[in-house]
Amino acid sequence: MSEALELKIVLYPTPILRKPAKPVEAFDEALKATVDAMYELMFESRGVGLAAPQVGLNQRILVLNKKGNPEEPEHNLTLINAKIVGRGGKKALHEEGCLSFPGIYGEIERPERCTVEAVDLQGNAISQEFEGFQSRVIQHEYDHLEGILLVDRLSQADKLRNKPDLQEMVERYRAEQG
Ligand code: CO
């Protein structure tokens, strides 16, 4: 019997958020337990996507549910070792937030479509094009695997507007480190 995993959201500017994540190699019970715990935490946190570095794990694991609703598991999308192999369509602006930046929002420009290659929990290949909101969430979460964060994508105006909150996060992190 394995114990249920207890995961916690890691906040900016914790260094692991800046580390490129490593490919998953073992498709075992531990991976399944991690994915289950990530879904649970994502739904609890009212998120629509969560990347493993955001729970302190340096692995290329993404969980998504574009409805953010545990009652609609048909929208769950688990992407292991995801790669965005193409982006296309018009560039669109849409407001984004991030569980690692509570209270911080900004209009982020991204292409409307993306094509993803990944594997599922069993190691089966996935190759799919996404559009609209789901494409946006995937691109946001994929950034996390590369160590790219919301703050990097903010416009100058949004960066300025959010500056006091970002500074406060840095100070809180420093205080916690002692
Ligand atoms: Co995020």
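The values are calculated or read from the model by the stated rules, or taken from the named source; none is laboratory data. The structure displayed is predicted, hence computed values, not measured ones. Glycine also receives a Cβ, built like all others from the backbone with ideal geometry; neighbour counts cover every protein chain displayed. What goes into the accessible areas is simple: the full protein's heavy atoms, side chains included, and nothing from ligands, DNA or RNA. Shrake-Rupley method; radii C 1.70, N 1.55, O 1.52, S 1.80 Å.
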### Query
Measuring with a 1.4 Å probe in the full set of protein chains, what accessible area per residue, in whole Å², belongs to the chain?
56
### Query
Excluding same-chain residues fewer than 8 positions from residue 19, which aspartates and glutamates have a Cα within less than 12 Å of its Cα?
143, 146
### Kirkwood hydrodynamic radius of segment 1-69, Cα pairs, Å
12.5
#### Entry: Length added when fully stretched, residue 8-residue 117, from 0.36 nm per residue minus Cα-Cα
36.5 nm
### Fraction of accessible area attributable to carbon and sulfur, the chain (%, probe 1.4 Å)
49
### Query
Bin by bin, in steps of 5 Å, what percent of the Cα pairs in the chain do you find, going until the bin that has the longest distance?
1, 8, 17, 20, 22, 16, 9, 5, 2, 0, 0
### Query
Quick one: which of 8/83; 66/91; 66/163; 67/163; 32/66 span more than 27 angstrom between C-alpha atoms?
66/163; 67/163
### Query
Any idea how far apart residue 129 and residue 71 come out in nm if each label point goes 7 Å out from Cα toward Cβ?
3.4
### Query
So if R0 is 25 Å, what FRET efficiency would residue 22 and residue 148 give, r being the distance between their Cβ atoms, rounded to the nearest 0.05?
0.95
